[in-house]
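*Asks:* Below is a structure I'd like to ask you about.
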Amino acid sequence: MGCPGLYLTKEEERILDGEEGELKAKLMEVLVKLGDVFDAERLVRPASVHVSGVSYGTIGDAGLRFLRKVAEAGLRVSVPTSVNPCGICLDGNLPVDEEFERKQREIMDALESLGVASVYTCVPYQQGFQPSRGDLLAWGESSAVFVANTYYGARANREGAPATVAAAVVGRIPEYGMHLDENRVAEYEVVVEFEPRNDFEWSALGYYLGEALDGIPVLKLPTVPSLSNVKYMGAAAAASGALAMAYIPGITPEEPRMDCPERIEVEREDVFDLVEERFGTEREGFAFTGCPHRPDGEIPRFDGCAICCPANATLDGYRLRGTCPVVAPIEDVHDVVFTDSLKAAHYLASRVEVNVGPL
Ligand code: F3S
């Protein structure tokens, strides 16, 4: 039986009752509990799943045990499923200790035996998992969720790691939050009074918006952003705040739903005063770009800088393939980093000294 208010089909009831095995029942229970928390009325089949919690550094031994169990039960994903970056560079360009590497590879083996696509990236939408308008998704990466909602008009909440594994195997996700029209209402009209000139400035704008806003904005920008601009901005906005979407005229494929939005103007100084207050701006430290990942096609133009990229990238240059410094144990190798990503800066600031700026 599901929770009050959550309707389960006969097939879903059967899975919950253990008729397809004890472990699958447990995974269904994870989804039913999630539905309970968010007052979902039903489970839906996601068009795709993006599994988060892939780095050993993030999920540790408990996460490894959980994935091993699911894999040993012979379960397989039942919808197209991609995975987030792991904790090691697949080219060996970031030294890690032996135990970390061994356990990371066990995690990857377990995931791959479930049938996930071994893309190891936070940009699944550029690696064969491009959503369509209206698709309901079960994605566990906040930057990708922002892009899915904003750029593709798909419908995604940021799901937790166990829920993404459960959704991939069971082929269901509770319908709640950003899946529903009523929660896609803009509460702000934000007029950006300056033109961001590079990915760093888009990222800085996102960082400011994430801090300043409590809900979805209609973003009036002086220029129509590219996908790369949107992902840099969205990643930072989802890191400093919890922004899952913006309506961007000329980009977002759905008309904004609005409810007396509050009007806010954003000047260049507002954004860069905040950035300078939070982070160093010296051009010093281990330099990297690609947070979110830069796939083939987003040609690197940066010298002396590592490029975080998906597992199957073939781009030239010093690559951190299938990983990034945030999910890898970067502090074991470098004390100071320099990045154009405010998302990376935000999460790294408690582990290393961080400098930010354009590349
Ligand atoms: Fe991706 Fe790592 Fe940034 S997972 S969004 S490159 S923190």
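*Asks:* Given the conditions (1) farther than 27 Å from Ile15 by Cβ; (2) in contact with a Phe, Trp or Tyr (Cβ under 9 Å, 6 or more places away or on another chain); (3) within 16 Å of the ligand (Cβ to nearest atom), and given that Leu205 satisfies all but one, which numbered condition is not satisfied?
*Replies:* (3)
*Asks:* Oh, and also: Going by what's in this entry, would Leu227 be described as closer than 24 Å to Cys122 by Cβ and surrounded by fewer than 18 Cβ atoms within 10 Å (Cβ to Cβ)? Lay out the reasoning, then the answer.
*Replies:* Numbers: closer than 24 Å to Cys122 by Cβ: yes; surrounded by fewer than 18 Cβ atoms within 10 Å (Cβ to Cβ): yes.
Considered against the rule, which asks whether it is closer than 24 Å to Cys122 by Cβ and surrounded by fewer than 18 Cβ atoms within 10 Å (Cβ to Cβ), Leu227 comes out as yes.
*Asks:* Continuing with the same structure: So which helices (runs of 4 or more DSSP H) are wholly in segment 1-104 and hold at least 3 residues that are in contact with a strand residue (DSSP E or B) (Cβ under 8 Å, 6 or more places away or on another chain) and either free of Cβ contacts under 8 Å to residues at least 24 places away in the same chain or not assigned by TED's automatic domain parsing to the domain that holds Val123 (or both)?
*Replies:* none
*Asks:* Give the residues of segment 134-153 that are open to solvent by less than 30 Å² (accessible area, probe 1.4 Å), more than 14 Å from the chain's Cα centre (by Cα) and small (Gly, Ala, Ser), sorted by residue number.
*Replies:* Passing the criteria: only Gly153.
*Asks:* Which of the residues belonging to segment 316-358 are closer than 16 Å to Leu94 by Cα, within 11 Å of the ligand (Cβ to nearest atom) and open to solvent by 10 Å² or more (accessible area, probe 1.4 Å)?
*Replies:* Across segment 316-358, the qualifying residues are Cys324, Val326, Val327.
*Asks:* A further question follows. Which condition breaks for Phe286 when tested against (1) closer than 21 Å to Ser52 by Cβ; (2) touching a His at 6+ places or on another chain (Cβ under 9 Å)?
*Replies:* Exception for Phe286: condition (1).
*Asks:* Please specify each residue of segment 118-133 satisfying the condition of being buried (at least 18 other Cβ atoms within 10 Å of the Cβ) and within 16 Å of the ligand (Cβ to nearest atom).
*Replies:* Of the residues in segment 118-133, the ones buried (at least 18 other Cβ atoms within 10 Å of the Cβ) are 119-127, 129, 131.
Val119, Tyr120, Thr121, Cys122, Val123, Pro124, Tyr125, Gln126, Gln127, Phe129, listed by residue number.
*Asks:* Give the residues of segment 293-311 that are β-branched (Val, Ile, Thr) and either open to solvent by 10 Å² or more (accessible area, probe 1.4 Å) or at pLDDT below 85 (or both), sorted by residue number. It would help to see each step written out before you state the result.
*Replies:* Taking segment 293-311 and keeping what is β-branched (Val, Ile, Thr), we get 299, 307.
Residue satisfying the conditions is Ile299 alone.
*Asks:* Select from segment 180-191 the residues that are open to solvent by less than 10 Å² (accessible area, probe 1.4 Å) and in a strand (DSSP E or B) and write down the one among them that is nearest to Ala236 (Cα to Cα).
*Replies:* Within segment 180-191, the match that is nearest to Ala236 (Cα to Cα) is Val190.
*Asks:* Right, another one. Looking at Gly210, Gly177, Gly206, can you tell me which residue is surrounded by fewer than 19 Cβ atoms within 10 Å (Cβ to Cβ), among the small types (Gly, Ala, Ser) and either closer than 21 Å to Ala349 by Cβ or touching a helix residue (DSSP H, G or I) at 6+ places or on another chain (Cβ under 9 Å) (or both)?
*Replies:* Residue meeting the stated conditions: Gly177.
*Asks:* Let me ask something else about it. Go through segment 216-232 residue by residue and tally those that are assigned to a strand (DSSP E or B) and aromatic (Phe, Trp, Tyr).
*Replies:* 0
*Asks:* Separate question: Being within 16 Å of the ligand (Cβ to nearest atom) and farther than 20 Å from Leu274 by Cβ is true for just one of Ala244, Ala239. Which residue is that? If you could, list the steps in order and put the result at the bottom.
*Replies:* Numbers: Ala239 fails: farther than 20 Å from Leu274 by Cβ.
After ruling out the rest, the residue left standing is Ala244.
*Asks:* Among the listed residues Glu254, Glu262, identify the single one that is in contact (Cβ under 8 Å) with a residue 60 or more places away in the chain and either assigned to a loop (DSSP other than H, G, I, E, B) or open to solvent by less than 40 Å² (accessible area, probe 1.4 Å) (or both).
*Replies:* Answer to the selection: Glu254.
*Asks:* To continue, here is another question. Take the residues of segment 105-117 that are in a helix (DSSP H, G or I) and touching a residue at least 24 places away in the same chain (Cβ under 8 Å): which is farthest from the ligand (Cβ to nearest atom)? Break it down stepwise before answering.
*Replies:* Restricting attention to segment 105-117, the residues satisfying the condition of being in a helix (DSSP H, G or I) are 105-114.
Narrowing further to those that are touching a residue at least 24 places away in the same chain (Cβ under 8 Å): 106-111, 113-114.
Details: Glu106: 20, Ile107: 15, Met108: 15, Asp109: 20, Ala110: 19, Leu111: 15, Ser113: 23, Leu114: 20 Å.
By that ranking, first place goes to Ser113.
The values are calculated or read from the model by the stated rules, or taken from the named source; none is laboratory data. Everything numeric in this text was worked out from a predicted model, so none of it was measured. Quick reminder, even Gly has a Cβ in these numbers, built from the backbone with ideal geometry, and neighbours come from all protein chains shown. Heads up: the accessible areas ignore ligands, DNA and RNA and are worked out on the full protein's heavy atoms, side chains in. Shrake-Rupley method; radii C 1.70, N 1.55, O 1.52, S 1.80 Å.
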